[in-house]
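Below is one structure, written out as structure tokens, with a few remarks after it.
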Amino acid sequence: MKRNKFLASLLLVLFSFTACEEDITEINDSPNNLPAADNKLLLPSGIMWSAAKIGGDLELFGSLWSQHYTQNNNSSQYRSLDQYNVTAADYNAIWTNLWAGGLKDLKVVQQQATATEQWQYYVAAEVMSAFNYHVLNDFYGAIPIQEGLSLETTETPTFVENKEANAIIIGMLDDAISKQAQATTLPSIGAADYVFQGNIANWVKFAKSLKLKILMRDLAANQAAIQALITENDLLNTVDAKVAVFTDAENKSNPLYEQNNRKLNTSINLRASNTLLKYLQANNDPRIPVFFEPTAANASVYSGLDQGNFLINPLPNTATSGARLSATDPVYFMSAAEVSFLKAEFYVRKTSPDMMAAKTNYDDAVTKAFTRWGLSATPFLAAGGKYAFNATGTQEQMLEQIIMQKWVAAVRSQAWDAFLDQNRTGYPRVSSVPTTDAAYVPGQYTISPNSVLAAGQLPRRLPYPKISRDYNANTPAPEAITTKMWWHK
Amino acid sequence: MSALLQEAMAQNRTVTGRVTDATNNEGLPGVTVLVKGTQVGTATDATGNYSINVPETGTTLVFSFVGYTTTERVIGNATTINIGLATDAKQLGEVVVTALGIAREEKTLGYAASSVNSEELTQAKPTNVMSGIQGKVAGVNISSSGAPGASTKVIIRGVSSFTGGNNPLYVVDGVPINNINYNNANITGGGLNQSSRAVDFGNQANDINPEDVESVTILKGASATALYGSRAAHGVVMITTKRGKLNDRIRVTYSGSYTASKVLRVPQTQNVFGQGWPDFDRLENGSWGPKLDGVEREWGAEVNGEARSKPFSYVENNLRNFFETGYDVQNSVTVSGGGQNNSFAFSYANTTQDGSIPTNVDKFSRNNFSFRGNSNYGKFTSDYNISYIRRDVSAIFAGQGTASGGATTMQEIIQIPVDIPISQFKDLNNPYNQPDNYFTAYAENPYSALANNNTALQDDRVFGKLELGYELFKGTKAIARAGGDFANAFVSDQGASIIYSPGSYGKVGGQTDVPGQYGEFTRRDQQLDMSLLLQSNYNVTPDITLGGIVGGNYNSRKYNTVSTYVTGLNVPGWYSLQNTSGVPVSESIRNERALMAAFGNLDFGFKDYWFLNLSLRNDWSSTLPKGNNSYFYWGANTALVLSDMFPSFQTEKLSFLKVRAAWGKTGNDAAPYLVNSTFPATQISLGFGNVYLPVGGVAGQTQSNNQGNQNLRPEITREWELGLDTRWFNSRVGLDVSYYNRQTKDQIVSASVAPETGYQTQTRNIGNIANRGIEARLSLIPVKTDNFQWEFATNFTRNKSEVLSLYGDAKEFLLTNVYSVDYVAEVGKPLGTFKVPAFRTVPSGPMAGKIIVNSTTGVEQVDPVLRESVGTVNPDFIMGFTNGFTFKGLSLNATVDWRKGGQFYSYTKQLNNFVGNSTETTYNYRQPFVVENSVKEIPAATPGGEVTYVENDVPVTTLYNYWSTATPARFHNFILDRDYVKLREVVLSYNLPISLVSRVKMSGATISLIGRNLLLFTPATNNFVDPEATNYGNDITSELGEFAALPSMRNYGVSLRVTF
């Protein structure tokens, strides 16, 4: 009797606790986040990740290293950038957010679009991916473009060398271009397409323009292909590839403005670099007030600091000009002005230069660079004007003139591209004397007196980030940031 | 005749008397009074009186009672023997509450279990239970940052979990309770982090009223905790509350204390150089200026054309004088009693603290109501309790502040040059102290920060249990136990807006407007825990006892949080979600998990000297993948009391000798929702600031950066331990030693992967962490007379951790990082080591190993890739010393804590270095110097040629850059030694004579002078902070160190305890 009672109780206890074991994992589906996402929500995410890093951190690098801005002497936020002291541990978020953020979302869009035949999303996502790859490729020198984004297959994707990666990017662009007809007939993406509001033709123009830009990295080898693109002229001639949806509200603003002006404890870090300011002043360029604020001491005076000379002391904040940024500044990926500059450059550098075509495109480019700010370039381009095309100069002189204007056009928009251009063409030149020297030519780069690099050196690339090197055995061995890439001059 | 008469008289001799508790002179009922060497005995009545017939041969009476030292008295010719029995701490520990709330005799345990009784716990009136144990038990590392209401960290046998959850499971009267640490990571959620706006509202285990606690037992090893399974992987703290006694009168106890709190440690500043950077500058926030010369100088802004002026000289005690004397007041009343079948205890306590920050922005108050009861009707028993706790905490932020939330107090105090009296800034109506005219444009008025930028928590919590027992038949009992724990927390968080007037001193100096911020956060927690047990105990033969338990448990935990904040306050000073032109940012999180278990336990005893225990448990967890969510584990332990097994061992010297051995395995599950990958709303961090979709009216979802894992396994800990417990010289010398070896395998973490894979992390089972250590407790009673006793005890804890493996080829796992300081788990090293950028050194040749400097600046170059290990968070050992002196009614107790070894990161030092206030920055009297043992690099003449090195002759000249973060090489300097010696508690108590207190109907009264954290000694290199200070919570991350943490406090005052 006793034993039965005991056993019965025992069984009751055991059964009651094992019976419902089956369903217990059902509560483990997160009520906070969905297990999937529609392309309409993923595409804007992929584009915004790209805009946040290219228009944020990379724009910051570009604007300091292209000597548009320099670090203020009375604050310290960007000192390490302005002395070229970038290690593998710094700014890893560029790499992280472009790969695990933007490119991953764009890849899922492409995969879902393939399965559901939403070619309009496919085209936009593929071109946007190609653009991200291009930026990463030219900043780092090699990228895992083939094996990346596939954690399911490999944790340690191998890296593809810069030149080979370019070919893959061009393959992607050609693939996107080939889907134009199918994509155009489908319903428009609309506002979820932050760049072109669903206009597929513009995505194709962006693809072809990017193709042009990449082919120009090796102009000699690609002359025929470039000529064909320019002859077809289905390029970003009138429209910019940019994200222009920012508003002056917290978490909704231009990324560089948001971090530099709204969220840092002081917004006086970025000051006018004498390299750019002296060039603009020497040419009486009306874009000075667009790019810089007047000094606090005197509203009609613009004054800069020598690049990277942040230990100069004492020099009050009131004596120098800050960078002018706005919460609503668009993030530019490519611009119509840039395309015209590329065309002008091609006509100058091709085997049989075409000076007339070069001038037409140069004038067109400079005009676009001025009209972006509501200004007129006409007096500057007219014969005898400060920026009139020097059609009688040497090929190199013409190239220098084009790139110098492209360098100014890139201020407050594509400073990161000006950094790539200087690597590629060597313009602006690097001065051997300081800006205070009578022999100084305005617009020429000066090397930061606080540089941590060997004398005369400038940074040419970003180091492979620690976050990649730590977890991927295939990440290439570190290169000095002064090491040139194959397409550098 | 006379001889006969004498014999007869002797036979009839009756001795009477009263037995009292020596500490309070209250009568002790139920004391056994035995005539030594005979079977003749009796027991004292309810008031402690006895009467005994002593046989002719009897010469001595033996008085014995559980929890008191057995005492003998020679009868002689006495007819009345009154005696006060002293409590015996060692004996009190003999009954230990083990897993599932089952009381067992300590000698039957095969594992180490440390107990602390209520008296030891509450003697210095700590505000929470675990603080009262600091320094008193081996194997447990307890620390607290010390701000009012802040959390207490309890780490048993070392940290082993990478991602948190290193705190033990807290079990009150057999039911687990929640121990959530309320900080801004888990309450106020998104966008805030520990280095910018940290606040520690304390962990929930601190809610328990220490006066309610009868005893605390700490179960450390896997064998001891196997029955609690998944949740006990880091040990269990078993708290038993005080109960009313059956058949007892109503007793009322009041206990109260008042202590003053003063700041314990503030950074030591240099006293040689004053304001400037590097020249004198009235606007500067640092002391990089000229030598202090005492000359009157103007400083800061001009208001109406006039500036303030003061002598350019060092201000003594500048930082210390910023702080006030706070207070800590505690009141507690307990009413208990019992009838024939029911007993009860009701208690109310309130604790109010105002910390040392000026004004009452750092305030803590807690009100505890608790009702506990037992019923006993024959075969039916029940045990129930319910507690309601209301907690209010006001706090200011640690860390460096945020753009919209504004400045933090410590960050701003440190940025005041050593020649400027901080107290000058107190009057916020003084125009010089207002934002526009504050003396520096690089910092804010700390008084303004503390007045405006603060936060408050309000938490209502109810927890309790109901336990019903029924004796099915003799020796077997069925028990049903249900526990619940419900909390509802609300946090408000405000930061003032500051608009600088155009053209003002501040604006021109570069100040940016602070938009201001207000947020509200709620968190609701719920835990339900239900068990059914069958418990049996039998004496199978006179020599063999057998006990067993089978049972099951269901545990469910849920919480949800809603957080909303706005930035950009339109109307200054109006803290409301409506006060903005912007869009509130809201986030809600729901989280739920459940765990079911079936378990069994077998206890075997042989002849009261050999004991064997076996526990088995199987868990089913909701958080692991279906099909992989069931796991089984077990533990076994045995104890052999050699002194009872071989009675010949017992001599006058050796009183007790036991050896023990245990082996156990426990499993642990994952956090919820790690199995599947998800697509959250897109929120992009920019480093500073964010971009949150929707932007332009378009919403976005992004693939989560963490990849789920459908093949997740439970985490498994295996541990064995050996121990020895021995007592000598009538228990006046006791030694208890354990050695343990624990390995924790397959931890469930979000392991980093290279981002080019499309993810930043993947949920994985990784790693194998070993923790091996020795725990020892030595107790001595060097002096013991009727009136005077000296008790001494020391405990020693040494834990050596080692990361045996991680995953794949990974050699390192980043726990967290601050600036260039990485806090990592590295294979072959202890868990938690610091890595900083390594100096570039000469690789080979005669100069090999020398530091390469920048040939222009003379500053050490940092290798762009290599990082160097510069210490670990793990101590070499921790020791606690307790001393107790009792003289009649007077007693003196002191506890000292000594930690040796280990390092921590100090942002306080980093910032003091930056602004030139630290003593280190006066190195070489701020004259240029050449870095020792360094060389210059001579680049190769031709590409690919040989690089050569020459002795460095370039002095460092820009010292204000050299000592600060501007030189990445300096991060070596911000890792400090964590060694300390702390005088943790000093208590001087006096028990008022019973003759006195009984006149006012009291049965006992004790008055004490108490002191907590009175003294702190640290190595000379740490003249900055209390090494316990942290603003990183109470888990593995907090071991990292501090980021402008608030200072800790010393308390001293008086306490009173009276019983009616």
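The values are calculated or read from the model by the stated rules, or taken from the named source; none is laboratory data. On a predicted model such as this, the values are computed, not experimentally measured, just so you know. Neighbour counts are summed over all protein chains in view; Cβ atoms, including those assigned to glycine, are modelled from backbone coordinates with ideal geometry.
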- Task: Could you grab me the full set of residues in the range B:585-633 that are of a type in the set (Gly, Ala, Ser) and assigned to a loop (DSSP other than H, G, I, E, B)?
- Result: B:622, B:627
- Would a scan of the range B:1026-1042 turn up a residue that is in a strand (DSSP E or B) and surrounded by fewer than 18 Cβ atoms within 10 Å (Cβ to Cβ)? no
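Out of A:119, A:95, which single residue is at the interface with chain B (Cβ under 10 Å from one of its Cβ atoms), among the hydrophobic types (A, V, I, L, M, F, W, C) and in contact (Cβ under 8 Å) with a residue 60 or more places away in the chain?
Just a single option satisfies the conditions, and that option is A:95.
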- Query: Filter the range B:687-708 for residues that are part of a strand (DSSP E or B) and at the interface with chain A (Cβ under 7 Å from one of its Cβ atoms); which is farthest from residue A:189 (Cα to Cα)?
  - Reply: B:707
- List the strands (runs of 3 or more DSSP E) that sit entirely inside the range B:849-945 and contain at least 1 residues that are free of Cβ contacts under 8 Å to residues at least 12 places away in the same chain. B:862-872
- Filter the range B:446-490 for residues that are within 21 Å of residue B:360 (Cβ to Cβ) and in contact with a Ser or Thr (Cβ under 6 Å, 6 or more places away or on another chain); which is nearest to the other protein chains (Cβ to nearest Cβ)? B:449
- Message: For the structure I just gave you, tell me whether residue A:361 is assigned to a helix (DSSP H, G or I) and of a type outside the set (Gly, Ala, Ser).
- Response: yes
- Query: Give me the pairs: first residue in the range A:399-414 and of a type in the set (S, T, N, Q), second residue part of a helix (DSSP H, G or I), beta-carbon distance under 6 Å, and six or more apart or on different chains, which are they?
  - Reply: A:405/A:366
- Task: All but one of (1) in contact with a Lys or Arg (Cβ under 6 Å, 6 or more places away or on another chain); (2) surrounded by fewer than 16 Cβ atoms within 10 Å (Cβ to Cβ); (3) of a type in the set (A, V, I, L, M) hold for residue B:878, so report the exception by its number.
- Result: (2)
- Item | Residue check for residue A:421: surrounded by 15 or more Cβ atoms within 10 Å (Cβ to Cβ) and farther than 21 Å from residue A:217 by Cβ | no
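Yes/no per residue for (1) more than 18 Å from the chain's Cα centre (by Cα); (2) at pLDDT below 95; (3) of a type in the set (Asp, Glu):
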site	(1), (2), (3)
A:73	yes, yes, no
A:83	yes, yes, no
A:99	no, no, no
A:103	no, no, no
A:120	yes, no, no
A:128	no, no, no
A:135	no, no, no
A:143	no, no, no
- Message: Which numbered condition in (1) within 14 Å of another protein chain (Cβ to nearest Cβ); (2) surrounded by fewer than 23 Cβ atoms within 10 Å (Cβ to Cβ) is the only one that residue B:327 fails?
- Response: (1)
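Please go through the range B:674-684 and pick out each residue that is more than 7 Å from every other protein chain (Cβ to nearest Cβ) and free of Cβ contacts under 8 Å to residues at least 40 places away in the same chain. Reasoning before the result, please.
Taking the range B:674-684 and keeping what is more than 7 Å from every other protein chain (Cβ to nearest Cβ), we get B:674, B:677, B:681, B:683.
Scanning the range B:674-684 gives B:677, B:681.
Identify, please: which residue in the range A:98-116 is of a type in the set (Val, Ile, Thr) and in contact with a helix residue (DSSP H, G or I) (Cβ under 7 Å, 6 or more places away or on another chain) and is, among those, nearest to the other protein chains (Cβ to nearest Cβ)?
To start, the set of residues in the range A:98-116 that are of a type in the set (Val, Ile, Thr) comprises A:108-109, A:114, A:116.
Applying the additional criterion that residues be in contact with a helix residue (DSSP H, G or I) (Cβ under 7 Å, 6 or more places away or on another chain) yields A:108-109, A:114.
Working: A:108: 6, A:109: 10, A:114: 16 Å.
The residue in question is A:108.
Does residue B:416 satisfy the condition of being among the aliphatic types (A, V, I, L, M), surrounded by fewer than 24 Cβ atoms within 10 Å (Cβ to Cβ) and closer than 23 Å to residue B:296 by Cα?
Criteria not met by residue B:416.
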- Could you please give the count of residues in the range B:602-627 that are within 13 Å of chain A (Cβ to nearest Cβ), buried (at least 18 other Cβ atoms within 10 Å of the Cβ) and over 30 Å from the mean Cα position of the chain (by Cα)? 3
- Message: I'm trying to understand the selection: among the residues of the range A:58-80, which are part of a helix (DSSP H, G or I) and either more than 11 Å from every other protein chain (Cβ to nearest Cβ) or surrounded by 24 or more Cβ atoms within 10 Å (Cβ to Cβ) (or both)?
- Response: A:58, A:59, A:60, A:61, A:62, A:63, A:64, A:65
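Tell me, please, whether a residue that is part of a loop (DSSP other than H, G, I, E, B), under 30 Å from residue A:290 (Cα atoms) and within 9 Å of chain B (Cβ to nearest Cβ) can be found in the range A:136-154.
No, because not a single residue in the range A:136-154 is part of a loop (DSSP other than H, G, I, E, B), under 30 Å from residue A:290 (Cα atoms) and within 9 Å of chain B (Cβ to nearest Cβ).
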- Message: Test of understanding: among B:948, B:957, B:965, B:942, which residue is touching a helix residue (DSSP H, G or I) at 6+ places or on another chain (Cβ under 9 Å) and of a type outside the set (Lys, Arg)?
- Response: B:965
- Task: Could you run through the range A:318-334 and say how many residues are of a type outside the set (A, V, I, L, M), under 21 Å from residue A:304 (Cβ atoms) and surrounded by fewer than 21 Cβ atoms within 10 Å (Cβ to Cβ)?
- Result: 4
- In the range A:262-297, the residues that are within 18 Å of residue A:411 (Cβ to Cβ), surrounded by 24 or more Cβ atoms within 10 Å (Cβ to Cβ), within 14 Å of another protein chain (Cβ to nearest Cβ) and not hydrophobic (A, V, I, L, M, F, W, C): A:269, A:271
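Within 30 Å of residue A:247 (Cα to Cα) and surrounded by 14 or more Cβ atoms within 10 Å (Cβ to Cβ) - does that describe any residue in the range A:304-317?
Of all residues in the range A:304-317, those within 30 Å of residue A:247 (Cα to Cα) come to A:304, A:317.
Narrowing the set further to residues that are surrounded by 14 or more Cβ atoms within 10 Å (Cβ to Cβ) leaves A:304, A:317.
Yes; the residues of the range A:304-317 include at least one that is within 30 Å of residue A:247 (Cα to Cα) and surrounded by 14 or more Cβ atoms within 10 Å (Cβ to Cβ).
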- Query: On the given criteria, is residue B:697 under 29 Å from the mean Cα position of the chain (by Cα) and among the small types (Gly, Ala, Ser)?
  - Reply: no
- Within the group B:189, B:165, B:202, which residue is out of contact with any helix residue (DSSP H, G or I) (no Cβ under 9 Å at 6 or more places or on another chain), modelled with pLDDT under 85 and over 26 Å from residue B:532 (Cβ atoms)? B:189
- Which number in (1) under 22 Å from the mean Cα position of the chain (by Cα); (2) more than 24 Å from residue A:486 (Cβ to Cβ); (3) modelled with pLDDT of 95 or more marks the one condition that residue A:251 misses? (3)
